[in-house]
């Protein structure tokens, strides 16, 4: 999915954004099927950036277009359809439901999109090493385990854009690599672009372009 | 793609239900649910009573073919002292017939000869003799088949319509005290007695058969043909002939103008409809009070129900935001909320309908036991109220939920 930002400044960081930013108050085209890593310290708007593109924030100046459609002109229904069929996201807070089990959390998304079979989902849980937690309530597992659940959930839909908000922050190196590989495989299959945020400026993989906020 | 959904526990609705209904305010829902139950039971009961009493008002006996009232003059001391006459004069009759509510006017024709009724003594029942009177109105006002009511010259049997009050007097006064069999309205057709007429040319004997009973006219009716013939043949000319009762045919006997006219002129009527119109007035007040109280309770309970719903939505605000961010539509969430609310409301209204019907049938039973002829109205009309209430309540809840969902989503998008 092609994303075009034209002099975008989110209201919350209007006074604090850096002029060296590659994103804020610039013209920026994020091409389809490309992988971008947005790195910055905390508090300069990484999550805000992803939320603007996901449509969960609308408080900004400038304009954002997704595949040449201005986000200001999208209705709630348009957003629902985008989130169901084109844009997927691993949220910073993960947005899991603590009273549902691990499997039910994933199912909630998959039943909306009817995208993956239960076997496929179980395979992924296996790959990420959390299949034994399948029937545990999400509220009772660790943050790192939750991150992996959120990643599987995000993959249970067709997408041309995958937004990952510090998805590996609580994973060890090995787990992060496995998860990344899974994500790359799926996004290749979907011919999708990825926007991934991280604290570190070290590229997570050579396939990514680095953008500074 | 291979789906093996059968191995999964819980449908989409179940998962959403778990998320959206997980912390509903139980007490608030129970209290408002009970309030709705109580209020709607009272309202349905009130409306049901109204329907039942309207039916009583409408269903007078069917003996009379047209809507009419019977009026007479009040009997005062002057009548007793023979200083005044309780009959209607020609002028008075003319004045009555000029009234706008009068379609037709027909004085009762009285006998101008002496009538005695008697039975002959048998071994078990002693004979009796009593003096009687007859009156007659044109056949067109009566709903009795010709074969039962027609009298032709030479016929020795006179058909008679008897006042219901006389029958009651006989059944509950005379018969019980004398050990005689009681007679119902249905078996009265078998009752006959002898009639002795004493007129200008001597004594004549007839038999009489009671063909029907009415509560609308307090007199003993015979066919007009007989009365005219008998008055001609036996009538004593110097007897007072001005009619003491007048039948007025009207479009609507419950017309209040009739009541005020009768009052103004000092006349009287024993018409059931007019008596009923007073009863109906009180019943209407009772109905209004009952329904208002019921409606007020419903309103309060509905408010509380809606507030409970808002509490539920606010408590699940974060979950709603998350679900919407996953790509769910308003309507999918609305359906989950509304599905359970509709079931809840349906159960509440069903119970209140059953309770109100139990109450109504109890009241109807009392009415029937007190001698009113009442058929229970069909259930359809009573089902109409709960159905309308159900649709109304569901729509109110739907509007509330939609409004709240949009508000919560708007917060998400700030």
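The values are calculated or read from the model by the stated rules, or taken from the named source; none is laboratory data. Not measured: the values here are computed from a predicted model. Neighbour counts run over all protein chains shown; Cβ positions are idealised from the backbone, glycine included.
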Every pair of residues 6+ apart whose Cβ atoms lie under 8 Å, when the first sits in region A:51-77 and is more than 24 Å from residue A:93 (Cα to Cα) and within 14 Å of another protein chain (Cβ to nearest Cβ) while the second is surrounded by fewer than 20 Cβ atoms within 10 Å (Cβ to Cβ) and modelled with pLDDT under 90:
A:72/A:58
Given (1) surrounded by fewer than 20 Cβ atoms within 10 Å (Cβ to Cβ); (2) in contact with a strand residue (DSSP E or B) (Cβ under 9 Å, 6 or more places away or on another chain), index of the condition residue A:139 fails
(2)
Being in contact with a helix residue (DSSP H, G or I) (Cβ under 8 Å, 6 or more places away or on another chain), farther than 30 Å from residue B:14 by Cβ, more than 14 Å from every other protein chain (Cβ to nearest Cβ) and surrounded by 21 or more Cβ atoms within 10 Å (Cβ to Cβ), is that true of even one residue in region B:291-311?
yes
Cβ contacts < 7 Å: first residue more than 9 Å from chain B (Cβ to nearest Cβ) and touching a residue at least 24 places away in the same chain (Cβ under 8 Å), restricted to region A:100-120; second residue surrounded by fewer than 20 Cβ atoms within 10 Å (Cβ to Cβ) and part of a helix (DSSP H, G or I), any location; separation 6+ or different chain. Result?
none
Of everything in region A:146-190, what is touching a residue at least 60 places away in the same chain (Cβ under 8 Å), part of a loop (DSSP other than H, G, I, E, B) and within 18 Å of residue A:1 (Cα to Cα)? Give them in sequence order.
A:157, A:158, A:159, A:160
Within the group B:53, B:45, which residue is within 25 Å of residue B:281 (Cβ to Cβ), assigned to a helix (DSSP H, G or I) and either more than 24 Å from the chain's Cα centre (by Cα) or at pLDDT 85 or above (or both)?
B:45
Of the candidates B:372, B:287, the one satisfying the condition of being under 29 Å from the mean Cα position of the chain (by Cα), at pLDDT below 85 and outside any helix (DSSP H, G or I) is B:372
Given B:203, B:161, which one is exposed (fewer than 15 other Cβ atoms within 10 Å of the Cβ) and either at pLDDT 80 or above or touching a strand residue (DSSP E or B) at 6+ places or on another chain (Cβ under 6 Å) (or both)?
B:203
Please work out if residue A:86 is more than 9 Å from chain B (Cβ to nearest Cβ), closer than 22 Å to residue A:109 by Cα and touching a residue at least 40 places away in the same chain (Cβ under 8 Å).
yes
For strands (runs of 3 or more DSSP E) lying entirely in region B:84-201, having 1 or more residues that are under 15 Å from residue B:230 (Cβ atoms) picks out B:114-119, B:128-132, B:157-163, B:192-199
Could you identify the single residue in A:87, A:71 that is under 26 Å from residue A:188 (Cα atoms) and modelled with pLDDT of 95 or more?
A:87
Here is a check on your reading of the model: is residue B:8 at pLDDT 90 or above, in the same structural domain as residue B:343 (by TED's automatic domain parsing) and surrounded by fewer than 20 Cβ atoms within 10 Å (Cβ to Cβ)?
no
Do we find a residue being modelled with pLDDT of 85 or more and over 22 Å from the mean Cα position of the chain (by Cα) anywhere in region B:234-242?
yes
